[in-house]
């Protein structure tokens, strides 16, 4: 019984952590993290595997982002299509977030599932200041690797998830090809060797991943993060 209560308590705290980060409630985030009952790297499956750090990047909450990083949040963890916090910051034009991530040697040049780096996302969404910064930062990331400077770049969950996503899309493409309709079948179903998926402008998968939350009234009262009904 005690174990069940503790598990439910941790789950509740994790829900509160994601929500507090999303709305930029620094004091609540700090209190939850100091209690040590929740994992700052928890991926929320209802929100495309976003961690609290993703929400800080989406909203541009730089101080909350720093707080999460101080408590072990990992900037290399990605969503279900391979977006890092840097991708979201680049999309929304949050230059301060990108600067913090780069200062801590995060791999802000990492590509997503479709091969798009944060700089490419900034270009797609017209974030010129972010593009200029990333033009400077990307070579530095490369230099850090050559110099052997440790960078936290590996997300084991994503490595497995990427393979599943590849197989799923390949299977869907083959099915479409057999029916003789749709460009996905041509690109994937007829290929003898699986290659990188094409980038789209704007990327279709990305538009689903970057939506901000609707803060609606939940069954327990108060604002709860709810996935958008049209996502």
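Only the coordinates and a few stated rules stand behind these numbers; no lab work does. A quick note: this is a predicted structure, and the numbers were derived from the prediction, not measured. FYI the Cβ positions are ideal-geometry reconstructions off the backbone, even for glycines, and counts take in every protein chain you see.
Would you list 47, 55 from fewest to most Cβ contacts within 10 Å?
47, 55
How would you classify the range 71-146 from its alpha-carbon gyration tensor, with a ≥ b ≥ c the square roots of the eigenvalues: rounded for a/c under 1.5, else prolate if a/b is greater than b/c, otherwise oblate?
Taking the square roots of the gyration eigenvalues as a ≥ b ≥ c, the range 71-146 is rounded.
Can you sort 117, 84 from fewest to most other Cβ atoms within 10 Å of each residue's own Cβ?
Starting with the residue having the fewest Cβ neighbours, the order is 117, 84.
Would you mind calculating the gained length between residue 66 and residue 170 on full extension (0.36 nm times residue separation, minus the Cα-Cα distance), in nm to one decimal?
Contour length minus Cα-Cα distance gives 33.5 nm.
Label the range 34-163 by shape, choosing from rounded, prolate and oblate, from the square roots a ≥ b ≥ c of the eigenvalues of the Cα gyration tensor; if a/c is under 1.5 it is rounded, and otherwise prolate applies when a/b is larger than b/c, oblate when it is not.
Taking the square roots of the gyration eigenvalues as a ≥ b ≥ c, the range 34-163 is rounded.
Using Cβ contacts closer than 10 Å as the measure, can you line up 91, 70, 63 from fewest to most?
70, 63, 91
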